[in-house]
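Here is the structure we will look at.
Rule-based calculations on the coordinates, nothing more; no lab input. In this text the structure is predicted, and so the values were computed from the model without any measurement. We place every Cβ from the backbone using ideal geometry, glycine too, and count neighbours over all the protein chains shown.
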Amino acid sequence: MDLLQIAIIITKIIVLTFLVVLPLVPVCVYFERRFSAVIQDRVGPNRVGIPLTLLGFKKDFHFFGLIQPIADGLKLFLKEDFTPAHVRKVFYWMAPVLTVVPALITVCVVPFGSPISLFGHCEKLVIADLDIGPLFVFSVASLSIYGITLAGWSSNSKFPFIGGVRSTAQMISYEIALGLSIIPVLMYFGELNLSNIVQQQADHGWLLLPLWGHDADHTLTSKLLFWFPAAIAFLIFTISIFAETNRMPFDLPECETELVGGYHTEYSSMKFAMFFMGEYAAMVIGSAMIITLFLGGWSIGFGLDAYVAKLHIGDFYFGGFIHMGCFLTKLIGFILFFILVRWTVPRFRYDQLMKLGWVVFFEAALINVFLAALIVAAPELKTAIIGIGAVLLVVLTAAVIWVAKVSEETPKVLRA
Amino acid sequence: MPSYLFWLFSTVMLIGGAAVIAFRNPVASALSVVTCFVGLAGLFIGLSAFFVGVIQILVYTGAVMVLFLFIIMLLDLKDEEKRAKSLAPVAAGLGLVVAFFVQLIGILSRSPNLTAPALDNPVLAAAAAGFPQNSKIAISLNQGKLPDVHLIGHTLFTQYNLPLQILGVLLLVATIGVVVLSKRQAD
């Protein structure tokens with residue numbers, strides 16, 4: 001590996017992680033506050049700016065409140081960093097770091113755009129083009145549970161501990177639904193490399209919008225048939241991401257009405273801010289995963305991608321940057337959706353949350369795997385076998401629904 | 001794998017393993033096990049076994065150890081921290097380590113000193129000949145990549161299909177057994 005390659009990798013890490021994803025966090029906070037204000041018919045923060053009235057002008061100059069996140073960040077930096085005397089110090093300091101770092105590491109497999117090339121040197125807009133993309137994201141993201149659990153435990157007080165325990169149970173439960181729900185997607189693409197998955201969607205239509213790029217291997221009928229398992233997978237995956245990132249309606253670990261502030265009650269200043277950074281970074285990555293797997297990633301769609309990829313000035317093919325713009329637009333759109341849901345849907349009860357995860361999503365994802373397998377394999381099977389498979393699938397579904405119904409009929413008295 | 005990465009991850013693993021028994025606090029010990037597992041995953045990935053490495057983190061670090069930590073925290077083990085070291089368990093542990101070491105040396109001295117084949121293009125292309133043309137595995141092997149996920153899947157579902165199914169049923173039986181035992185109701 002020569003120096004140029006190392007320089008390129010470091011540049012990609014710095015630009016994509018610290019200049020693209022990390023600034024999205026304050027942007028999220030700004031959207032959260034302004035969008036919630038719009039929903040609740042308020043104005044929201046709109047005053048931060050240059051106080052020209054102090055200098056004798058008639059009006060202040062404010063940037064529509066766009067500087068508010070900077071002011072928020074500055075406030076959190078300058079606050080007193082207070083460590084309560086009763087905490088377990090080492091773990092207390094470790095916890096915020098353990099929530100932020102995994103979220104930022106997962107950035108490295110997200111494809112931000114199609115390859116750009118300069119002087120004949122082609123470079124993919126992804127930090128590490130791993131062949132195990134989604135698995136890598138899940139495994140590293142699962143490490144952020146430690147941050148929250150440790151925060152709850154090391155605070156050495158009751159409410160944070162309950163928050164931490166709730167969060168652990170919730171994240172472990174929904175990881176199963178999360179992992180099972182994307183199996184149909186992976187079966188369809190036959191691929192775990194996120195760059196290739198997006199490229200395939202750019203060529204043959206997005207998974208949820210398969211309307212262009214038909215050929216012998218990707219007929220319109222087969223793609224439309226696969227739309228159904230893909231839509232179920234999309235629903236389960238999206239809702240599980242809500243639960244994994246502890247967002248409303250599943251933000252029970254930090255449920256204010258029951259737990260004061262949840263696992264971060266004892267934290268102040270920048271350590272508190274790091275939990276929020278971790279949470280928002282996880283939300284950004286979660287949205288990026290949904291977009292990459294189901295909504296075409298950086299692809300503009302409608303067969304325009306091949307054209308955009310060919311745009312160039314001399315030797316500089318800059319189509320990748322247009323694709324990156326498209327990706328970020330979709331990303332911000334999805335973040336707005338996350339915020340819209342947060343301010344629309346009321347919080348679940350804890351038992352409802354667990355039931356949704358274990359009884360509904362787990363089974364639905366499992367059945368969806370069989371359905372997707374049947375549809376993917378159908379062109380190579382005989383009609384009779386497809387029929388038997390369909391009948392088995394219906395029987396299985398009915399059995400699962402019956403078991404779910406029976407199991408909740410009478411509240412059982414447990415032996416003490 | 002460059003040797004300095006091997007030494008880095010092995011050192012991480014050894015420090016983690018030593019810390020497990022050195023710490024008095026059970027939570028700190030559990031976190032040391034996590035460190036050890038992360039080092040092990042690094043070693044797997046360094047050997048081009050990306051899938052095994054990632055599953056190592058996903059299953060052991062992300063799920064199993066979290067549950068361990070969960071239980072340790074719920075039990076709130078206080079007396080473990082205070083207990084004094086007694087000589088007998090330490091001696092027994094050392095005896096086990098020595099026995100294991102002797103065995104390891106015996107095996108290593110007898111096994112031939114083979115070096116693993118380098119994963120370069122000719123080797124991979126030769127391996128591709130064993131798979132049907134135009135299959136995903138053959139194509140990426142010919143491109144000089146190691147499709148480890150596809151290879152593991154292929155091996156599991158062709159050579160070891162029956163054992164895999166039996167294992168699956170066994171795990172299912174264990175799961176249902178746990179549910180039945182823990183939900184046994186009063187008559």
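A few comments on the model shown:
- Cβ-defined net charge surrounding residue B:127, 13 Å radius [Lys, Arg +1; Asp, Glu -1]: -1
- Other protein chain Cβ atoms within 10 Å, averaged over every residue that makes up A:169-177: 2
- Checking every one of the chymotrypsin sites (Phe, Trp or Tyr not before Pro) in segment A:260-356 against DSSP loop status and a limit of 13 other Cβ atoms within 10 Å picks out A:302.
- With contributions of -39500 (n - 2.57) from each DSSP H run of at least four residues, the per-residue ellipticity at 222 nm computed over the protein assembly as shown stands at -20500 deg cm²/dmol.
- When you work out D = kT/(6 pi eta Rh) for chain B at 37 °C and 0.692 mPa s, using the Kirkwood radius from C-alpha pairs as Rh and the Stokes-Einstein form, the result is 156 µm²/s.
- Rounded is the label for the protein assembly as shown. Its Cα gyration tensor axes, ordered a ≥ b ≥ c, give a/c under 1.5.
- Gyration tensor verdict on segment B:1-54 (Cα atoms; rounded if a/c is under 1.5, prolate if a/b is larger than b/c, oblate otherwise): oblate
- Among A:137, A:359, A:198, the residue with the largest mean-square fluctuation in a Gaussian network model of chain A, with springs joining Cα atoms closer than 10 Å, is A:359.
- Efficiency of FRET between residue B:170 and residue A:307 - r from beta-carbon atoms, R0 51 angstrom, step 0.05: 0.40
- Dipole moment magnitude, nearest 20 debye, chain A about Cα centre, only Lys, Arg, Asp, Glu C-beta charged: 1140
- Using the Cβ-Cβ distance between residue A:396 and residue A:52 with R0 set to 45 Å, the FRET efficiency from 1/(1 + (r/R0)^6) comes to roughly 0.05.
- Relative contact order (%) - segment B:1-159, alpha-carbon pairs under 8 angstrom, separation at least six: 17
- When chain A is treated as a Gaussian network with alpha carbon springs shorter than 10 Å, the biggest mean-square fluctuation among A:89, A:12, A:271 belongs to A:89.
- Fluctuation leader among A:98, A:393, A:207 - chain A, Gaussian network, Cα springs under 10 angstrom: A:393
- Virtual spin-label span in nm between residue B:101 and residue A:209, 7 Å along Cα→Cβ: 6.5
- Mean separation of Cα contacts under 8 Å, 6 or more apart, over the residue count of segment B:117-187: relative contact order %: 19
- The mean sequence separation of alpha-carbon pairs under 8 Å and at least six residues apart, normalised by the residue count of chain A, gives a relative contact order of 21 percent.
- Here segment A:19-49 and segment B:108-163 have alpha carbon centers that stand 51 Å from each other.
- Note on residue A:224 and residue A:360: with the Förster distance fixed at 35 Å, the Cβ-Cβ geometry gives a FRET efficiency of about 0.85.
- Spin-label model distance (nm) - residue B:10 vs residue B:156, 7 Å beyond Cα toward Cβ: 3.0
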